[in-house]
Amino acid sequence: MRSIFTITSAILLLTARCARAQTADMAKVTCDDLRHAYLEDLVVIGSWLSGYYNAKRNNTIVDLKQLGLNTQRVLQFCQINPEVSVMQAVDQVAAAGH
């Protein structure tokens with residue numbers, strides 16, 4: 001489950017739908033939304049997801065190398081599964097042991 005934190009970096013590659021909205025339901029952000037995201041929105045969404053998953057694990061450590069690897073894994077998963085929510089993608093990639 002250590003990789004959940006790092007996977008949340010998928011976060012850094014998220015949503016146009018959330019991007020320009022004042023509020024967003026993060027559970028509804030899909031992998032397809034990643035293709036339409038603005039960089040500054042990805043940073044905000046990525047920060048939110050990172051905080052969410054790290055708070056669940058009571059983790060305060062950032063492993064930048066692992067974060068980058070997990071981001072790539074989530075993005076690859078999302079390319080194949082565009083209809084899946086990003087949060088589901090993070091959970092599925094983490095469950096696969098990455």
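Coordinate-derived values only; no laboratory data. Just so it is clear, the structure is predicted and the values come from calculations on it, not from any experiment. For neighbour counting, all protein chains shown are included, and Cβ atoms are generated from backbone atoms with ideal geometry for every residue, glycine included.
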Going through region 72-96 in order, the residues found to be touching a helix residue (DSSP H, G or I) at 6+ places or on another chain (Cβ under 8 Å), part of a loop (DSSP other than H, G, I, E, B) and more than 15 Å from A27 (Cα to Cα) are N81
Members of region 55-71 found to be in a helix (DSSP H, G or I), free of Cβ contacts under 8 Å to residues at least 40 places away in the same chain and farther than 24 Å from A24 by Cβ, listed by number | L64, K65
When the residues of region 40-57 are filtered to those that are more than 19 Å from R73 (Cα to Cα) and of a type in the set (A, V, I, L, M), which remaining residue is surrounded by the fewest Cβ atoms within 10 Å (Cβ to Cβ)?
-> A55
Leading residue by the ranking (surrounded by the most Cβ atoms within 10 Å (Cβ to Cβ)) among those in region 83-98 that are within 13 Å of L34 (Cα to Cα) and over 11 Å from the mean Cα position of the chain (by Cα) | V84
Of the residues that sit in region 72-82 and are without any contact (Cβ under 8 Å) to a residue 60 or more places away in the chain and out of contact with any Asp or Glu (no Cβ under 7 Å at 6 or more places or on another chain), which one is surrounded by the most Cβ atoms within 10 Å (Cβ to Cβ)?
-> F77
